[in-house]
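Below: the structure, in structure tokens.
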Amino acid sequence: MSSSKTGALYDINGVIGATCTHGCAIPGSFCDMRGPENFVYYMVELMVIAMSCPDVQHVYIDFGCRVSVSWQRFMNALKTQRGLVSVPGENLCIMVNWLHAASHDFQCQLKNSGRYRTGAGWAVGEQAEQLWALTNAASGIIKYLTKPHRREFLEAVLEDINCMKQRALVLQLRTKWLSMCAKEKQLKQELVEIEIKARVAGVHNVEAAANAFYQRTLSPTESDNQDAVSANYVRLREMHEGKQALAQINRDWSLAVSQPRSVGELLLKGSNRREVNGLEQKLSSLEVRLGMTPTSTWQRSSQEYQTGLKILAEQEVL
């Protein structure tokens with residue numbers, strides 16, 4: 001955060017640390033960042049966790065999909081450098097917490113989100129954010145402290161929060177257990193309903209179908225990629241035509257999408273100005289990729305356009 005307009009009360013440095021699955025700050029895991037956020041801090045933090053807590057198998061990080069790649073490279077380099085067969089933490093499963101993963105594409109979610117990873121349990125991975133929220137009451141004091149005193153004061157606040165959490169831990173675990181039982185019952189009922197719908201649709205081996213969908217999403221075929229391009233072209237065409245229709249009645253797209261009247265306006269509602277302003281250029285690029293010419297673009301009634309619209313409807317809420 002820039003300090004030029006705040007009297008140097010804020011800076012780009014921060015604090016990195018870890019919490020347990022119950023949301024308690026792990027003592028000794030918090031340290032100052034001496035500069036802007038960098039992956040090296042996470043490599044050190046993960047190494048400390050792997051050395052001091054060898055039983056830990058799962059770790060949540062906001063951008064775990066990127067950190068996990070760097071972590072594996074670091075593990076391989078460490079084994080090569082030291083001539084080791086294995087090192088602590090090489091099998092650590094780094095995942096993206098649920099809230100942050102929701103903004104990633106579905107392929108990344110299946111591969112990295114704790115919501116879909118086997119063995120992750122019903123942990124959303126937002127414990128650190130919940131912990132920081134409890135320090136808001138002290139933030140008015142912390143920002144005026146010097147850097148060394150800032151972290152000392154913050155650690156004292158976190159220790160007080162830990163004591164508060166531990167006093168109520170048994171009650172919280174019981175409440176969570178009851179919530180989990182209710183959730184398990186709900187999910188089993190939803191699974192039964194899905195299996196019934198699958199059988200009606202002619203899918204009798206739901207597990208095999210789910211595995212096939214999983215593999216196809218993670219490793220799309222050339223046909224899948226072509227379908228995705230077709231669907232994206234139709235999406236941009238609908239948005240472009242919706243924008244033109246609004247322009248004909250002198251209405252800006254950003255002001256007219258509160259009550260969309262067409263598929264194009266509905267898609268515009270979920271877009272930003274940068275994407276909308278680049279519609280023509282993106283459409284031209286996709287038309288070349290799909291082998292179209294200015295005189296042979298897909299007509300709305302054509303089979304190609306209707307197929308792309310069908311795929312789009314499966315991806316978006318239309």
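The values are calculated or read from the model by the stated rules, or taken from the named source; none is laboratory data. Quantities reported herein were computed from a predicted structural model and do not represent experimental measurements. Virtual Cβ from ideal backbone geometry, glycine too; neighbours counted across all protein chains shown. What goes into the accessible areas is simple: the full protein's heavy atoms, side chains included, and nothing from ligands, DNA or RNA. Shrake-Rupley method; radii C 1.70, N 1.55, O 1.52, S 1.80 Å.
Data for the structure
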| item | result |
| --- | --- |
| The range 18-66, accessible surface, carbon-and-sulfur percent (1.4 angstrom probe) | 59 |
| Label zone at residue 106, where the point sits 7 Å out along the Cα-to-Cβ direction: the range 292-313 residues whose backbone N lies under 13 Å | 311-313 |
| Other-chain or far-sequence residues with amide H under 5 Å of residue 15's (modelled H) | 33 |
| Max mean-square fluctuation residue, GNM over the chain, Cα-Cα springs under 10 Å, options 19, 146, 217 | 146 |
| Amide H contacts of residue 95 (H built 1.01 Å from N, under 5 Å, at least 5 apart or other chain) | 59, 60, 61 |
| Efficiency of FRET from Cβ geometry, residue 21 and residue 141, R₀ 22 Å, rounded to 0.05 | 0.15 |
| Within a Gaussian network of the chain (alpha carbon springs, distance under 10 Å), most fluctuating of 134, 279, 110 | 279 |
| Rg [Å, one decimal], Dmax [Å, integer] - the range 34-158, C-alpha atoms | 16.8, 50 |
| Of 296, 139, 179, the one that fluctuates the most in a GNM where the chain has Cα springs shorter than 10 Å | 296 |
| On Cα atoms only, tilt of 303-315 relative to the major axis of the chain in degrees | 30 |
| Degrees between helix 39-52 axis and first principal axis of the chain (Cα, 0 to 90, nearest 10) | 50 |
| Using alpha-carbon coordinates, inclination of helix 206-218 to the longest axis of the chain, degrees | 90 |
